[in-house]
Amino acid sequence: MKKSLLIAMTTCLGFLLLFSSAGLGENPAPYILGFSSEVTGRRAELGIANKRGALMALEKINAAGGVNGRQLKTVFYDGQSQPVVCVKNTKRIIDVDKAIACMGYTSVGGSLASVQTATDGQTLLFSAAPAIVTGTGTKKWLFTVVPDQMIASVPILIKNLLDRGAKKVAYIYVDTAYGKLGVRAFNLSCEKLGIEHHRRLSLTADR
C-alpha cells in the first residue's frame, strides 16, 4: 500500500509539475505541497502513517534532485478527523501557503468536504481515501489512489454471496461519508447484477 502510494504520488507530481517549470532561476523556489492529515481523532492511525510515508517519499525525491530542478517543501496541518477542519486547512493551503497541491486527506468526509474549496482554487486535491464511486459524477480536481468501493469490494462481496446460494442481501453501514458512499456502491452493484435492493441498516458512528 505504501509503495503504491509512493509510486502514484511521484507519478502524479511529475505530471503536475512538468508544466510549472518556466522561468527557473539559478536557485529556483521549492514547490510547496500542503498536507491535511488526520493525526488526531478517529482517523489518527491512518493520518499518522500517511504523514510518515509522505515525509519518507519527499526525502527520497529531494535527495534525487527534486522535480524539474526544484526541491519539494511541505506544510502539514492536522485535520483532526473533522471535515470542517479539513476545509479550513485546504483554504489555508491554497490561499496562504500557495501550495500547488493539497495532499493527505485520509478520510472520505474530509476529502469530499474539501473538494469544492480545491475546485474554487483550481488546485489538485490528492486524497488517500476511497472518495470516488465509479458511475457517479466526476470531480475534476479530486484524485485518489485508493480503489473505490464500486470496483474494489462491494460488487465482489455481493457476487460471492450469490454464488454461495444467498437469496437476500442486507447492507449494514456506518452513518459516515464513507458508509454512505458504500450504500451508493451497493445500490449500483445490485442494479448491475440485476438483483433487488434489499434492506440497508445504518449505525451511528462514534464521533
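Only the coordinates and a few stated rules stand behind these numbers; no lab work does. This one's a predicted model, so the numbers in the text were calculated from it and none came from an experiment. A quick note on method: Cβ atoms are made from the backbone with ideal geometry, for glycine too, and the neighbour counts reach across all protein chains shown.
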Practice problem: Would you mind getting me the FRET efficiency between Asp175 and Lys91? Use the beta-carbon distance for r and R0 = 22 Å, nearest 0.05. | Solution: 0.25
Self-check item: 24 Å Cα-Cα threshold exceeded, pairs from Lys159/Lys180; Lys139/Lys159; Lys51/Lys159; Lys73/Lys139; Lys168/Lys192
Solution: Lys139/Lys159; Lys51/Lys159; Lys73/Lys139
Quiz item: When the dipole is taken about the Cα centre of region 151-203, and only Lys, Arg (+1) and Asp, Glu (-1) are charged at their Cβ, what size is it in debye, to the nearest 20?
Solution: 80
Quiz item: What ranking, highest mean first, results for peptides 105-117, 157-169, 65-77 when packing means the other Cβ atoms within 10 Å averaged over each residue?
Solution: 105-117, 65-77, 157-169
Self-check item: region 47-198, relative contact order in percent, only Cα pairs under 8 angstrom and at least six apart counted
Solution: 16
Quiz prompt | Karplus 3J(HN,Hα) series, Hz, for region 29-38 with 6.51 cos²θ - 1.76 cosθ + 1.60 (x for Gly, Pro) | solution = 5, x, 7, 9, 10, x, 10, 10, 10, 7
Exercise. Please list the non-local residues whose amide H lies under 5 Å from the amide H of Ala101, H modeled 1.01 Å from N, same-chain partners needing a gap of 5 or more.
Key: Gly34
Practice problem: Quick one: go through region 40-68 and flag any residue whose amide nitrogen is under 15 Å from the point 7 Å out along the Cα-to-Cβ line of Asn27. | Solution: none
Exercise. Enumerate the amide H contacts of Tyr173 below 5 Å, restricted to partners 5 or more residues apart or on another chain; note that Pro and chain-start residues carry no placed amide H.
Key: Leu201, Ser202, Leu203
